Amino acid sequence: MSPDIFIKATPIVLQGLQLTLIITICSFVLGQILALPLGLARQANSPLLRWPAAIYTFLIRGSPLLVQLFIIYYGLGQIPAVRNSILWPILREPLYCGIIAIALNSAAYMAEVVAGALRRVPKGQTEACISLGISRRHRFTDVLLPQVYREQLPNIGNEIILVLKSSSLASAITIMEITGVARAFTARTFAPFEVFITAGILYLAIGFAFTFLFRLLERRYGITGTRTPAPEASA
Amino acid sequence: MIKVRNLVKYYGPTRVLDGIGLNVEKGERIVLCGPSGSGKSTLVRCINGLEQRSAGDIEIAGHVLRADCSNVLELGGDVGMVFQQFNLFPHMNVLDNLTLAMRRVRKTPRAEAEAQAMAMLERMQLGAKAKAYPRELSGGQQQRVAIARALCMKPKVMLFDEPTSALDPEMVQEVLDVMTALSREGLTMIVVTHEMGFARNVADRIVFMDGGVILEEAAPDAFFDHPQHNRTREFLRQIGPRTH
């Protein structure tokens, strides 16, 4: 262990910071967007919606993300139809493949979270809407989903940490994010301990920042009447 | 205003409503009572389409309700419902609770909806609570907000499903007072309740249910002073101390 390798490693590892943040934020946002229709489908009455969503979450959650990354990046390129499609410029790029794979993964987990939270909204909420004549659409947009997302803010905050950690796997498909640059640097210096410790500390710091951000969001929005009020900052 | 013919409802193999017939005229105030499990809650929930029925016809506030309740939203707002558990929207303040359906269903512009809602809250002496969230209110206040929310839709009929059963005893009266005031305004009401004092004061007719059928219907004086059925006498004896 030598301190000057730490000092040398820091700027190198920081080079990966931007890509890590891009992958994490893009995958997380895309995952959240996909999770909503998937979660609604998991809860739908029609088996035509419910089954595909159930199969999707089963496949994604049941297989390792690293394998999914390889399938999307190396596997899809083998299919001529994919190479000739308009999606090829996207699927050719490791960065986009990484973002897509992690987002699809995150969506599968979040879909279960959304579906579970929807199930837990008391039935009386739906009944009150019906008795007031509120349409199905507005029932979701105005009453059910706001409650789901407020209740789920802590889980959503956890999810972005999980996505952050998953982003390190992107190094396996040549992306030079934090873990990627750390690996390349170790190959040159043979000082894995110092370099990866530095990388680990950086991940911790990013995770802490996200956690802090979600704490703020929770304090602002994370209120529901269905549980005892969180101790609010007294004004 | 309400016509129920031969209403039958099964929960699995259990027949919870067994051929109910009930006519309610405009402006009539009905109190529905009976031992728990007699089917009175199920009856009001069938009447406003929250429960599907197995057989029978229901016409309410000018709407013919299909058996599968697929047209239940047509009644929206014309038939107000007050629940035992209030069912306020916990993520909205009181004012938004009141205006949501006015804006979404009646398409009332926000400013106008809020003005009407404020007037309604003032009437309920809840004007100061417009910006409060449901969890910051007492049970009695929450139930009065729920009543106000239904009234904002200018319903032709109001249904109350045990509106005071979930309340602490000291809050029962404020809710009953609001309901009594409403009854004086000529609103058609069906109230499921064990509050026999309220029933005697307010009801035009008391309907007594047991085992999924209507056993007895009578004006309050006749009902309380000369009950016809043994089951009714037994029920009144058990519930007696609450007659005030």
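Sub-6 Å Cβ pairs linking a first residue in the stretch B:43-69 that is within 14 Å of chain A (Cβ to nearest Cβ) to a second residue that is surrounded by fewer than 15 Cβ atoms within 10 Å (Cβ to Cβ) and modelled with pLDDT of 95 or more, at least 6 apart or interchain, number zero.
Consider B:Glu74 carefully, then state whether it is within 12 Å of chain A (Cβ to nearest Cβ) and without any contact (Cβ under 8 Å) to a residue 12 or more places away in the chain. In short, yes.
Within the stretch A:129-150, identify whether any single residue is among the small types (Gly, Ala, Ser), in contact with a helix residue (DSSP H, G or I) (Cβ under 7 Å, 6 or more places away or on another chain) and closer than 30 Å to B:Glu74 by Cα, and answer yes or no. Within the stretch A:129-150, one or more residues are among the small types (Gly, Ala, Ser), in contact with a helix residue (DSSP H, G or I) (Cβ under 7 Å, 6 or more places away or on another chain) and closer than 30 Å to B:Glu74 by Cα. You will find that of A:Thr24, A:Thr10, the residue that is at pLDDT below 95, touching a helix residue (DSSP H, G or I) at 6+ places or on another chain (Cβ under 7 Å) and either more than 30 Å from A:Arg136 (Cα to Cα) or buried (at least 18 other Cβ atoms within 10 Å of the Cβ) (or both) is A:Thr10 and no other. For B:Arg53, the requirement of being charged (D, E, K, R), crowded, with 23+ Cβ neighbours inside 10 Å and more than 15 Å from B:Ile2 (Cα to Cα) is met. Listed by first and then second residue, the pairs linking a residue in the stretch B:93-105 that is within 11 Å of chain A (Cβ to nearest Cβ) to a residue that is in a helix (DSSP H, G or I) and β-branched (Val, Ile, Thr), with Cβ atoms under 7 Å apart and 6 or more places separating them unless they lie on different chains, are B:Asn97/B:Val145. Within the stretch B:169-177, is even one residue touching a Ser or Thr at 6+ places or on another chain (Cβ under 7 Å) and under 28 Å from B:Arg5 (Cβ atoms)? No, the stretch B:169-177 contains no residue that is touching a Ser or Thr at 6+ places or on another chain (Cβ under 7 Å) and under 28 Å from B:Arg5 (Cβ atoms). When the residues of the stretch A:144-158 are filtered to those that are surrounded by fewer than 21 Cβ atoms within 10 Å (Cβ to Cβ) and facing another protein chain (nearest Cβ under 7 Å), which remaining residue is nearest to A:Phe214 (Cα to Cα)? Taking the candidates together, the pick is A:Arg150. The number of residues in the stretch B:103-125 being farther than 15 Å from B:Ile147 by Cβ, of a type in the set (A, V, I, L, M) and surrounded by 19 or more Cβ atoms within 10 Å (Cβ to Cβ) comes to 1. Exactly one residue among B:Gly27, B:Gly37 is farther than 21 Å from B:Arg231 by Cα and surrounded by fewer than 22 Cβ atoms within 10 Å (Cβ to Cβ), and that residue is B:Gly27.
Across the stretch A:117-143, the qualifying residues are those that are aliphatic (A, V, I, L, M), assigned to a helix (DSSP H, G or I) and within 10 Å of chain B (Cβ to nearest Cβ), and the one among them that is surrounded by the fewest Cβ atoms within 10 Å (Cβ to Cβ) is A:Ile130. Are there any pairs, at least 6 apart or on different chains, whose C-beta atoms fall under 9 Å, with the first in the stretch B:155-170 and among the polar types (S, T, N, Q) and the second part of a loop (DSSP other than H, G, I, E, B), and if so, which? Once the first residue is among the polar types (S, T, N, Q) and sits in the stretch B:155-170, its partners that are part of a loop (DSSP other than H, G, I, E, B) give B:Thr164/B:Gln84; B:Thr164/B:Thr193; B:Thr164/B:His194; B:Thr164/B:Glu195; B:Ser165/B:Gln84; B:Ser165/B:Thr193; B:Ser165/B:His194. Filtered by the rule that a residue be farther than 26 Å from A:Tyr96 by Cβ and modelled with pLDDT of 90 or more, the stretch A:169-196 gives a lone residue, A:Phe196. Within the stretch B:77-92, if we keep just the residues that are within 12 Å of the chain's Cα centre (by Cα) and of a type in the set (Phe, Trp, Tyr), the residue that is nearest to the other protein chains (Cβ to nearest Cβ) turns out to be B:Phe83. Are any residues in the stretch A:35-77 farther than 12 Å from A:Met110 by Cα, hydroxyl-bearing (Ser, Thr, Tyr), part of a helix (DSSP H, G or I) and without any contact (Cβ under 8 Å) to a residue 60 or more places away in the chain, and if so, which ones? Listed by number, the list holds a single entry, A:Tyr56. Listed by position, the strands (runs of 3 or more DSSP E) contained in the stretch B:186-225 that have at least 3 residues being buried (at least 17 other Cβ atoms within 10 Å of the Cβ) and touching an Asp or Glu at 6+ places or on another chain (Cβ under 9 Å) are B:188-192, B:205-210.
Restricting B:Lys154, B:Lys131 to those that are within 25 Å of B:Val192 (Cβ to Cβ), more than 9 Å from chain A (Cβ to nearest Cβ) and either in a loop (DSSP other than H, G, I, E, B) or touching a strand residue (DSSP E or B) at 6+ places or on another chain (Cβ under 8 Å) (or both) reduces the list to B:Lys154. Residues in the stretch A:19-56 that are charged (D, E, K, R) and either in contact with a Ser or Thr (Cβ under 8 Å, 6 or more places away or on another chain) or within 26 Å of A:Ser167 (Cα to Cα) (or both): A:Arg42 only.
The values are calculated or read from the model by the stated rules, or taken from the named source; none is laboratory data. Note that the structure is predicted; figures quoted are calculated from it, not measured. A quick note on method: Cβ atoms are made from the backbone with ideal geometry, for glycine too, and the neighbour counts reach across all protein chains shown.
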